[in-house]
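*Asks:* Encoded as C-alpha cells, here's the structure I'll be asking about.
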Amino acid sequence: MRLADKIGIVTAAASGMGRAGALRFAQEGAAVGVVDLDEAGANAVARQITDAGGKAIALAGDLRQDSFAREIVRRTANAFGGLDFVWNHVGHPGPAAIEGIDWKDFELAMDLNVRTVLVTTEAAIPELRARGGGALLYTASTSGLTGSQFSPVYNIAKFGVVGLVHGLAKRYAREKIRVNAVCPGPTDTPMLRVFVARPDSQLPPGETPESLVVKRGGQVPMGRPARPEEIANAALFLISDEASYVTGVALPVDGGATA
C-alpha cells in the first residue's frame, strides 16, 4: 500500500475531488480526517471508509473560523497518533465580475482559498516536524498558472496558492516537509457547476450549467472534463513517498489545457 501507516487530512472532502482523494488515500492505507462544512457529507465519506475496513473520522465545521482550521489538525493527530500529510483542497470560485464586484464574495474567496489553508498549514507544520517530515498539498488550478478572462479573482487566489507552495517548499525542504500543488482543469464535480453558473457570470442564451460543463471539457485537448478520481490519483502521487524528491511543484492535471 502506498500510504500504509500514514495519517492525513483532506479538506472539502464531502464531494468531488476531495471525496475521491479521501477514499483513494484510505484505500492505500492512510487514516484520514475527512473535513467539510457539510456534516452529513463528511460523515458519509468517513463511514464509507470505515465500512470498507479503513480508518477515518469526520470533522465538520467552517474552516473560516481559525479555531476550527487548527482544530482539525489537533483532532486528527490525537485520533490516530500523529500527522503525515494535509491536502488543503477547500476553495471557492469567487465573483466573475470586476465591474460591480461583489466584495463579500471576494472576501469569501480569499478566506477559503488562501487564509484557511495558511491557518491549517501553521497548525500542521509542528505535527509534520514531529514525524520527521511529511507532505503539504494544495489545490490550486490551471487558473493559478494562466490568466482567465472569466475569473480574474480566482486567478488572484490561485496564483497566491502557487506562490505559497513555492515559498514553503524552499522554507521547509531541509526538514523533509514537501510542499506541492495540484492544478486541475475543468473537472466533473458539483463545484464546476457552481463555477459556470455564478450569478454574475451571465450564462449565454440557451446554455445551462450542464451544457457548459460539457462545453468546457470539450475545449481541452483531451476533449472532456477530468473525473474526480483522476485528480485524486495525481494527489496520491504527490503525497506519497514515490514523490520523495518532488517539492515546489504546481502540477497541471488538465487534459493538456495549459500545454
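*Asks:* Of all residues being assigned to a helix (DSSP H, G or I) and touching a Gly at 6+ places or on another chain (Cβ under 7 Å) in segment 44-74, which is surrounded by the most Cβ atoms within 10 Å (Cβ to Cβ)? Just the residue, please. Steps first, please.
*Replies:* First, the residues of segment 44-74 that are assigned to a helix (DSSP H, G or I): 44-51, 66-74.
Cutting the leftovers down to touching a Gly at 6+ places or on another chain (Cβ under 7 Å) gives us 68, 72.
Numbers: F68: 19, I72: 24.
Checked segment 44-74; the qualifying residue surrounded by the most Cβ atoms within 10 Å (Cβ to Cβ) is I72.
*Asks:* Would you point out which residue out of P190, P186 is surrounded by fewer than 19 Cβ atoms within 10 Å (Cβ to Cβ) and closer than 25 Å to I101 by Cα? Explain how you work it out, then say what you get.
*Replies:* On the way: P186 fails: surrounded by fewer than 19 Cβ atoms within 10 Å (Cβ to Cβ).
Of the residues listed, the single one that is surrounded by fewer than 19 Cβ atoms within 10 Å (Cβ to Cβ) and closer than 25 Å to I101 by Cα is P190.
*Asks:* Residues of segment 95-107 being touching a residue at least 12 places away in the same chain (Cβ under 8 Å) and either of a type in the set (K, R) or within 18 Å of G18 (Cβ to Cβ) (or both), which ones?
*Replies:* Selection gives nothing.
*Asks:* Would segment 230-248 turn up any residue that is touching an Asp or Glu at 6+ places or on another chain (Cβ under 8 Å), in contact (Cβ under 8 Å) with a residue 24 or more places away in the chain, polar (S, T, N, Q) and more than 30 Å from G100 (Cα to Cα)?
*Replies:* Yes, because at least one residue in segment 230-248 is touching an Asp or Glu at 6+ places or on another chain (Cβ under 8 Å), in contact (Cβ under 8 Å) with a residue 24 or more places away in the chain, polar (S, T, N, Q) and more than 30 Å from G100 (Cα to Cα).
*Asks:* Another question, then. Name the residue that is nearest to the chain's Cα centre (by Cα), counting only residues in segment 108-167 that are under 18 Å from I9 (Cβ atoms) and of a type in the set (S, T, N, Q).
*Replies:* T139
*Asks:* Are any residues in segment 233-259 within 20 Å of K215 (Cα to Cα) and assigned to a loop (DSSP other than H, G, I, E, B), and if so, which ones? Let's see the steps before the verdict.
*Replies:* Taking segment 233-259 and keeping what is within 20 Å of K215 (Cα to Cα), we get 252-259.
If the condition is that a residue be within 20 Å of K215 (Cα to Cα) and assigned to a loop (DSSP other than H, G, I, E, B), then D254, G255, G256, A257, T258, A259 are the ones that fit.
*Asks:* In segment 123-173, which residue that is basic (K, R) and in a helix (DSSP H, G or I) is nearest to R74 (Cα to Cα)? Give the derivation first.
*Replies:* From segment 123-173, those basic (K, R) are 129, 131, 158, 170-171; that's our starting set.
Add one more test, that the residue is in a helix (DSSP H, G or I), and what stays is 129, 158, 170-171.
Values: R129: 14, K158: 27, K170: 25, R171: 23 Å.
Taking the candidates together, the pick is R129.
*Asks:* Another question, then. If A124 meets every condition in (1) hydrophobic (A, V, I, L, M, F, W, C); (2) free of Cβ contacts under 8 Å to residues at least 60 places away in the same chain; (3) closer than 22 Å to S67 by Cα apart from one, which number is that one?
*Replies:* That leaves (2) as the condition not met.
Bear in mind that the values in this text are calculations on the coordinates, not laboratory data. As the structure is a prediction and not an experimental result, all values here were calculated from the model. Ideal geometry is used to build each Cβ from the backbone, glycine not excepted, and the neighbour counts take in all protein chains shown.
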